[in-house]
Structures are given as C-alpha cells and as structure tokens.
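All of the numbers you see were taken from the coordinates with simple rules; none came from a lab. Bear in mind the structure is a predicted one, so any value in this text is a computation, not a measurement. Positions of Cβ are generated from backbone atoms using ideal geometry, with glycine treated the same way; all protein chains shown enter the neighbour counts.
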Amino acid sequence: MSDVATDKTPVTVLTGYLGAGKTTLLNRILSEPHGKRYAVIVNEFGEIGIDNELVVDADEEVFEMNNGCICCTVRGDLIRIIEGLMRRKGKFDAIIVETTGLADPAPVAQTFFVDEDVKARARLDAVVTVADAKYLAARLRDAPEAKNQIAFADVIILNKIDVVTPAELAEVEARIRAINPYAKVHKATKCDVDIAEVLDRRAFDLDRILDIEPDFLHVDDHDHHGHDHGHDHHHHGLKHYHDEDMQSVSARMDGDLDPNKFMPWLNQFTQTHGAKILRCKGIVSLKGDDQRFVFQGVHMMLDGEPQRAWKTGEKRESKVVFIGRDLPEDEIRKGFAACAA
Amino acid sequence: MPEPSNSLTEHVRPLASGEPVVAAAFLDGEPVLALADGRLRIGEREVVAHPEGAILCALKDGERLLTGGDDGLVVATTVNGEPETLADEKGKWIDAIAAREGAVAWSVAKVVRARDAKGAVKTWTSATSVRGLAFLPKGYRVAAAHYNGLSIWFPNTEAAPQVLEWKGSHLDATCSPDGRFLVTSMQENALHGWRLSDSRNMRMTGYPAKTRSLSWSHDGHWLATSGADACVVWPFKDKDGPMGKAPRECGVRPHRVTATAFHPRALVVAIGYTDGLILLCRLGDAAEILVRDAVPADGAISALAWDSQGARLLFGTDAGAAGLLVLPA
C-alpha cells in the first residue's frame, strides 16, 4: 500500500450494521452519473437494485493465516475474487466490497497487508461505515460488531438524520466521537452524501497521512484551528462521552524520537496488544533523519516508510494514535515518552 | 546469463494475442492460447469460448481444451470444433477445473461437481471454498484443496470424502503421475504434500511467494515449481518423496519464477519469469539455454506448454504477449 502505483485498483470497503443503509449507499454509488465503472463484491446477492455489469457473490470466508499470529485473519474469498477480477482488468475502475452487517472489517483490511498478490494489484482505499442515526447508540451498547465498524472507519455516513431530533443527533455523534474521533463523519438522509466524500479517499496511503487530528477540528461547523492538547479530550460543544471499552489514545511529543527505541517499542507494543488495537497511525520525527516517518496499521500489521522531507520552518514533532478496545493508555503514554531522543 | 551460443531466441516467433494469456496447450498439434477475455486462439483461428465472460481456469484433456469462466460456463473446445458447454453454473465463477480421460471436475466456491465421460454429473459440497482440484490417476477420485487441508472425493459412492488435514489455506492441487503423492500449494508460501499410502505429511517451505505453477517430469520423479527466484524442483522418486532431501534449484535469477513446464520426454524444464524471460534448464547438469530474453513491458510468463513430441514450446504472458519456440531439428 505504500507504493502508490497508479495501476493499482482502489478498493472501498463498505460496512454498517444491519439496516443502516449500506445498500442504499451502494445503489447511489452505482447509479450516479460519474462515468466510473465498479466491480461490486456483495454478500447478499440480489439485494442490489441497480443493474451493474460486475457483481460478484462472496462468501465472507475469514480464515487465520497459519503464521503463528492469532489476529492475522484474512478474507480467503477476497484473495480469490480479486485474482479473478484481474482477468477483467481495464473493464472497471474500482472495486467496492460490501460486508455483511455483522462483519468485522479487520480481516478485509488485513487481506491487503498480508497477500502479496492482492497488494500488487489492488490498494485498500478506505473503510466506509454507514450508521443509523436512530439506532446506532443502542447497537453500540448491545452489538460489538457495530462498535468495531465505527472504530475501524475512515469515513462514517451518519444516516437517517431526518428521523432523529437535533439532541438525539448530537448524542449519537458524541458517541461516535468517543470511539473514533478521527473518521470523517457525514450526516445524511438516504445516504445523500457527495460520492466524492466516500470514494477515492486514499485513507490507507502513507503518502496521504498529512496530519492526525480529530475530525471535528476540521469540520465546517467548528472553527477550532490549531487546538492540540496532546490528548483526546476535545469538547468543543459536543457532549463528551467515554465509551466503556473502545477508545482512541493519542500521544504527542515535540522534537525527535530515537529510532533505536521507537521502532522496537512500536513493534513490541503492536505484537503484544495487536488483538486490542483496531487501527493505528503515526507521523514521527526520527533523530538523524531528514524525512518524516509515517506508519499505519491494523491489529498486529504495520506498514511504514519515510514520507517526505521535513519542511524548513516545519515544527518537528511526533504523534501516534491507537484506536482499540481496552487500550493500556498509561503504557502507551509512558512507552512513547521513553522513546524521546 | 547464458552465452549467445546457448540461445534459442532466433527460433522463437511471436504469436498474436493482445490479451492476457491464461493457459497454453497444443491440440492435435495446433498451438492454442486461452485468453483472459474469453477467447481462444487456435492456430490462426479465433474461437469465443466465453462470450460474456473471462476465463478463470483452463487445462488440456486429451485433444480438447477445457475452460472455466466467470460466466459460470465450463466449456470444451477441440481444434476444429465449436465450443461445447459442459456445464452452466448460472453466472457463478468456475474457480477450479480438473480432468482425466474425458471426466471433468470443477468447483464453484464450496460446490464441487464431477462429470464422467458419459456425462453423468455428481455433486459434493465442501465445508470451505475449494481452490484447486486434481483427479487421481487411478479410480474415479477427485482431490479438492480447501481451507485446512484436502479432501479426496469418490463421486460414484456415497462415502464421505477422505480428509487429509493440514492447517492453512490450500490453493492448487496436483497428484503425482504414479498416484503415490498429493501436493497442494498454499497461501502461506509453501507446498504441502501427503503420501497417500499412510497420509504422511510433507512440508516444502522456503518460498518467498505463492507457488501457482506446478509441473511433473515425464517419469513422474520430479515436481517443478514456481514462486522463488529459481525453479525449485522436488524429488519424488523415492518412497519418502522429498522428505529429508534438498530440492534442485534451476535457473537462479534475481527474478521470480512464474511458470514451469517439464519437457515431455527429457529431464529438461522450461522456466518463465516475472520479467518475461524464458530458460530451458537440464536437470542433470543444470545447463541453461535462453529461449526468450526479458521484455518487462510484456509482463510475466503466465503460460508454458510443450507439444507431445517436445519439439515446440508455446508461451504467453499476463500482459498479452505470446510466442512459439520451434526447436531446431
């Protein structure tokens, strides 16, 4: 995923709990006159109302890689399907993978880290989660799958906002933020979002990791620029929640990290706590290196590379973010702080 | 690199393809290419085997070419005849295909079907998706590679398939010509083998990539494999197969081997690489002869096939180049 070869087919993963509106979004993507052709991998065959040329029925076969890593699960059917779709290369521009409502997005994402052939031909673009504004709060209480999907997302479509009150909407938004403050949230009715906000996000491209700030620092209805308290407790008018088990932990530091401390720490931490970590991301300044080092990961899988030279006048600082379940916040902060050069 | 005198490049003529080549074969002596877009090139003739589909898998059985498409069709084509549809799975992808003496087996996700030479079709459903199929040389038995192992199915009996377990995801399946060993390629960049007499496991590891091309020598004693920066050839002559033995490595280059094909009469293996280069390598003394120079823009060698005499070698690439080597008499 690090090398952005232009001929790699982008893959968008569409998740969302049952009834949230995934199919509505999919039908919108397929029916809009954008001139793009999509290959669609679905699990509930026949649900798509649009006559699309390339619809592939998938089995959502998740299996463990026999490599000693228990959270290293991949979608076997996806490896097979992407290989097969490449026989029709040139007949479509992008791939959309619709998962079932109860699916964990991790195996889908990990497939793009693990399988060399998939990696060579396709790139994971973003995980897009459709959430029901009315029922999400309840699902976050009773359905761990729904929480996973929110925590994992790069883009969240908060759908059906027409059937909730402004207070309910603020409430559900705050609940989303408590779990994942970094995803881009779009409020929608019948998934009426600009398709450009959903597709071609390049959320997994190391080249595109520009900054790591909670999304609500960027959205139009707030104007809190440059606020960075080095932790996640941004209130900014939103009611603040702590999710009981899923949260994000970020740590920031001015100046350089010692690469001989940071790299082993990051590897060791993700190996030890990989099962709890859903996503991680970082931009770090390594001592003696003129380039910004960026990384991102899913569970135990990490992908990192020098991104670009630090600009003159740019403040050299390091920031890491982990989203996951029962994260050891103290251990992250202390471990990261100990990596100072 | 081989010396210029060890080159056969002047004896290669390019063939029109224009589409990624999925498989190559000779049917009644005519070179045949199966193309990704559903067409077959048979000598100068073009036949559309899958009008609405892409070819996912193909292999030769007798003097016909069998193709499975993402249109759900299993099609048999002979050198002069029109394509004959053997099965229609209603748009579901044909993931794997196998054949022996007129019998054909194919898989659609978890469903495996076997059609005997008379046309009777039997069905078995695996617990997980089947990625590779192989007929055993004796009896009416089909080996199916799937997650966590391989099953040997007897289509004409009601008996449950014999399961050979090995953790991991198994892709292609092949049986040694003498029927003693079954081998699968794996998602985990390894091969796995079983000795049928006692189900003993054989691990063949060390590949940097997946092995997707497997070729048995004419005497059945060697298995040539892709997936490394050399053609890795495993010895299967002895009763323990490759256990405790090192494989031969032929044609070591700083490029990945993507296709292998043993000569039908001699211990010479044709090796194709990611950069489009093709070598012939003699197993006895590792002598190498260049067949085709690297043409990176042409893509990786995706298909290699010898004619029955071993006088001609047909090849194709995944970017749509193809050619025919005619060995000098």
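A simple rule links phi to the HN-Hα coupling: the Karplus curve 6.51 cos²θ - 1.76 cosθ + 1.60 with θ = phi - 60°, which for the stretch A:181-193 gives x, 9, 5, 7, 9, 10, 7, 8, 10, 6, 6, 7, 9 Hz, with x for Gly and Pro. For A:E60, the shell of other residues with beta-carbons less than 9 Å away shows a net charge of -2, using +1 for Lys and Arg and -1 for Asp and Glu. The alpha-carbon of B:K118 sits under 20 angstrom from the alpha-carbons of these aspartates and glutamates, leaving out residues fewer than 8 places away in its chain: B:D61, B:E63, B:E82, B:E84, B:D88, B:E89, B:E101, B:E158. Charged neighbours of B:K90, selected by a Cβ distance under 11 Å, balance to -3 (K, R count +1; D, E count -1). With kT/(6 pi eta Rh) evaluated at 25 °C and eta = 0.890 mPa s, and Rh the Kirkwood radius from Cα pairs, the stretch B:104-254 diffuses with a coefficient of 156 µm²/s according to Stokes-Einstein.
Once you sort the root eigenvalues of the Cα gyration tensor of chain B as a ≥ b ≥ c, which label holds: rounded (a/c under 1.5), prolate (a/b larger than b/c) or oblate (the other case)?
Values: a/c = 1.77, a/b = 1.15, b/c = 1.53.
Note, shape of chain B comes out oblate.
Packing, taken as the mean count of other beta carbons within 10 Å per residue, orders the peptides A:119-131, A:19-31, A:166-178 from highest to lowest as A:119-131, A:19-31, A:166-178. Here B:K239 and A:A196 are evaluated by their C-beta separation; at R0 = 45 Å the FRET efficiency comes out at 0.10.
In straight-distance terms, cross-link reach from A:K119 covers every one of the lysines whose alpha-carbon lies under 18 Å from its own, apart from those fewer than eight places away in the same chain; here that gives A:K8, A:K89, B:K210. Cβ screening of chain A for cysteine pairs under 4.7 Å finds these without a partner: A:C71, A:C191, A:C280, A:C339. Checking the Cα-Cα distances for A:K36/B:K90; B:K138/B:K239; A:K190/A:K281; A:K22/A:K160; B:K167/B:K239 against a 22 Å cut-off, the pairs over it are A:K36/B:K90; A:K190/A:K281; B:K167/B:K239. Taking 19 Å as the straight-line reach from the Cα of B:K237, the aspartates and glutamates in range (excluding those fewer than 8 positions away in the same chain) are B:D178, B:D198, B:D219, B:E249, B:D285.
Assign one of three labels to the stretch A:23-165, namely rounded, prolate or oblate, based on the Cα gyration tensor with a ≥ b ≥ c the square roots of its eigenvalues; rounded applies when a/c is under 1.5, prolate when it is not and a/b is larger than b/c, and oblate otherwise. Before the final figure, lay out the partial values.
Details: a/c = 2.12, a/b = 1.15, b/c = 1.85.
The shape class here is oblate.
Across chain A, the fraction of Cα-Cα pairs farther apart than 35 Å, rounded to a whole number, is 20%.
Taking each residue of A:83-93 in turn, how many C-beta atoms of other protein chains fall within 10 Å of its C-beta, and what is the average? Write down the numbers at each step before the final one.
Values: counts 5, 8, 4, 4, 14, 7, 5, 4, 2, 0, 0.
The per-residue average across the peptide is 5.
Only Cα sites of the protein assembly as shown enter the Debye sum here, all with the same form factor; the resulting log10 I(q)/I(0) across q = 0.06 1/Å is -0.38, listed in q order. Cβ screening of chain B for cysteine pairs under 4.7 Å finds these without a partner: B:C57, B:C175. In order along the stretch A:200-215, phi translates into HN-Hα couplings of 6, 8, 6, 5, 9, 7, 4, 4, 9, 6, 8, 8, 10, 10, x, 4 Hz, rounded to whole numbers, per the Karplus curve 6.51 cos²θ - 1.76 cosθ + 1.60 with θ = phi - 60° and x for Gly and Pro.
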